[in-house]
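Just below is one structure, and these are the notes that go with it.
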Amino acid sequence: MRIFLVGINGKMGKTIVATAENSGIEVAGGIDVAKDGKYPVFASAAEVGVDFDVIIDFSRPSTLPEVVALAESKRVPVVIATTGYGAEELEKIKALSEKVPVFRSANMSVGVNVVESVLPLLASALDGYDVEIVEAHHNQKADAPSGTAKQLLEAVEKGLGYDPKVINGREGNCKREKGEIGMHAIRGGTIVGEHTVIFAGEDEIIEIKHTALSRKIFAVGSLKAAEFLIGKAPGMYNMSDYLNK
């Protein structure tokens with residue numbers, strides 16, 4: 001398998017390169033504004049002059065046009081691990097999935113996605129419990145709350161018997177109202193990623209927590225997703241499809 005990385009010289013890009021090399025996976029090159037490294041690096045999709053089997057995108061939402069152009073021109077699958085997209089960008093990703101296989105997940109960790117899979121059951125079984133979601137990341141993360149926190153929220157909502165009101169943080173006189181879910185973001189230092197879903201009931205608290213100790217888990221997950229996409233028909237895939245394969 002030959003991979004092409006959008007954001008190859010970013011922190012995640014470099015981690016994926018190192019993980020791929022250790023796994024015997026070929027790196028064909030990438031797109032980035034920084035041109036350093038031992039692999040071919042291009043400024044745009046139009047300049048790409050190498051062949052590959054799958055694209056992995058760990059960049060920024062603003063790079064989506066290049067990702068779409070490259071996937072369409074090369075007719076190859078794409079793993080989209082970038083977060084922070086708006087509604088219009090999500091529509092473009094959906095349109096792309098009608099032409100090539102697209103694997104999209106807000107978090108490429110297998111562990112996080114296993115946690116996500118059990119949340120609907122917990123939310124349903126713990127009916128009436130107050131739910132809060134807390135996430136923590138490094139001080140350079142651009143979007144808040146994180147894409148993973150939103151993904152976990154969606155999983156919780158599947159198990160609820162009502163449409164919750166989502167409160168992003170609290171300030172001032174803000175007594176908790178029935179049917180709320182609080183979303184709280186922490187930014188500081190070099191925290192790789194922590195996500196906690198709290199179910200608070202009468203005299204007991206259940207916490208489901210995932211802590212990322214390094215970026216390698218996201219690199220491993222993205223490479224597994226890339227391998228999973230090879231040979232698939234056009235469509236939208238996610239980690240649930242991988243886990244249930």
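The values are calculated or read from the model by the stated rules, or taken from the named source; none is laboratory data. Keep in mind that what you see is a predicted model, and the values were worked out from it rather than measured. When we count neighbours, we look across all protein chains shown, and the Cβ atoms used for this are built from the backbone with ideal geometry, even at glycine.
Among the candidates Ala81, Ala95, Ala125, the residue that is over 30 Å from Ala200 (Cα atoms), without any contact (Cβ under 8 Å) to a residue 40 or more places away in the chain and either surrounded by 12 or more Cβ atoms within 10 Å (Cβ to Cβ) or among the small types (Gly, Ala, Ser) (or both) is uniquely Ala95. Check the stretch 220-237 and report whether any residue there is at positive phi, in the same structural domain as Leu96 (by TED's automatic domain parsing) and either touching a residue at least 12 places away in the same chain (Cβ under 8 Å) or not aliphatic (A, V, I, L, M) (or both). Yes, the conditions are met somewhere in the stretch 220-237.
Per-residue answers, yes or no, for (1) out of contact with any strand residue (DSSP E or B) (no Cβ under 9 Å at 6 or more places or on another chain); (2) at pLDDT 95 or above; (3) surrounded by 12 or more Cβ atoms within 10 Å (Cβ to Cβ); (4) among the hydrophobic types (A, V, I, L, M, F, W, C):
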| position | (1), (2), (3), (4) |
| --- | --- |
| Val166 | no, yes, yes, yes |
| Glu171 | yes, no, no, no |
| His184 | no, yes, yes, no |
| Ile191 | no, yes, yes, yes |
| Phe199 | no, yes, yes, yes |
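Please go through the stretch 122-152 and pick out each residue that is hydrophobic (A, V, I, L, M, F, W, C), closer than 18 Å to His195 by Cα and either in a loop (DSSP other than H, G, I, E, B) or touching a helix residue (DSSP H, G or I) at 6+ places or on another chain (Cβ under 9 Å) (or both). Result: Leu122, Ala123, Val131, Ile133, Val134, Ala142, Ala144, Leu152.
The listed residues are Ala81, Ala71, Ala87, and the only one of them that is in contact with a helix residue (DSSP H, G or I) (Cβ under 7 Å, 6 or more places away or on another chain) and over 17 Å from Asn107 (Cα atoms) turns out to be Ala71. Between Thr190, Thr196, Thr211, the distinction of being in contact (Cβ under 8 Å) with a residue 40 or more places away in the chain, within 30 Å of Glu21 (Cα to Cα) and not hydrophobic (A, V, I, L, M, F, W, C) belongs to Thr190 only. A residue that is among the hydrophobic types (A, V, I, L, M, F, W, C) and surrounded by fewer than 16 Cβ atoms within 10 Å (Cβ to Cβ) occurs somewhere in the stretch 66-73. Among the residues here, Val67 qualifies as closer than 21 Å to Lys141 by Cβ and in contact with a strand residue (DSSP E or B) (Cβ under 6 Å, 6 or more places away or on another chain).
Could you give every pair whose Cβ atoms fall below 9 Å, whose first residue belongs to the stretch 170-187 and is without any contact (Cβ under 8 Å) to a residue 12 or more places away in the chain, and whose second residue is not in a loop (DSSP other than H, G, I, E, B) and not aromatic (Phe, Trp, Tyr), counting only separations of at least 6 or pairs across chains? Matching pairs, first to second residue: Cys174/Ile167; Lys178/Asp130. Restricting the stretch 11-42 to residues that are farther than 14 Å from Val67 by Cβ and among the small types (Gly, Ala, Ser) leaves a set whose member that is surrounded by the fewest Cβ atoms within 10 Å (Cβ to Cβ) is Gly24.
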